[in-house]
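Structure record follows, encoded as structure tokens.
Nothing in this text is a laboratory measurement; each read-out follows from the coordinates by a stated rule. Keep in mind that this is a model prediction, so the values were computed, not measured. In this analysis, Cβ positions are derived from the backbone assuming ideal geometry, glycine residues included, and neighbour counts consider all displayed protein chains.
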Amino acid sequence: MSFVDRPIGQERNSLYDPKMRSLVHHMRNNLQVIRGELDLLNLMRAMPRQSFENIDRCIDRLHDLLAAITALSEAEPFCQERETESHSG
């Protein structure tokens, strides 16, 4: 079953997986290395300013996307007991 075909509950459970959190952590680490190297290239004026700004903006966007993934993974799990109680009352 592909990620797209999974029921919503299974998709959400996959976000709680420690492997997912580890993957996000390693992706952030690599983005920091890329940003550091980019800053060095910028300081040495080894690239056009517009190129630096474009890449820097994309790195920021990737950080934002990773933050969104992290926020999803830290959200409270759906409580089925509350749903059951509301339907039985």
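Can you give the FRET efficiency to the nearest 0.05 for Met44 and Ala67, using r as the Cβ-Cβ distance and R₀ = 30 Å?
Approximately 0.50, to the nearest 0.05.
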Problem - Leu31-Ile59 pseudo-label distance in nm [points 7 Å out on the Cα-to-Cβ vector] - result: 1.1
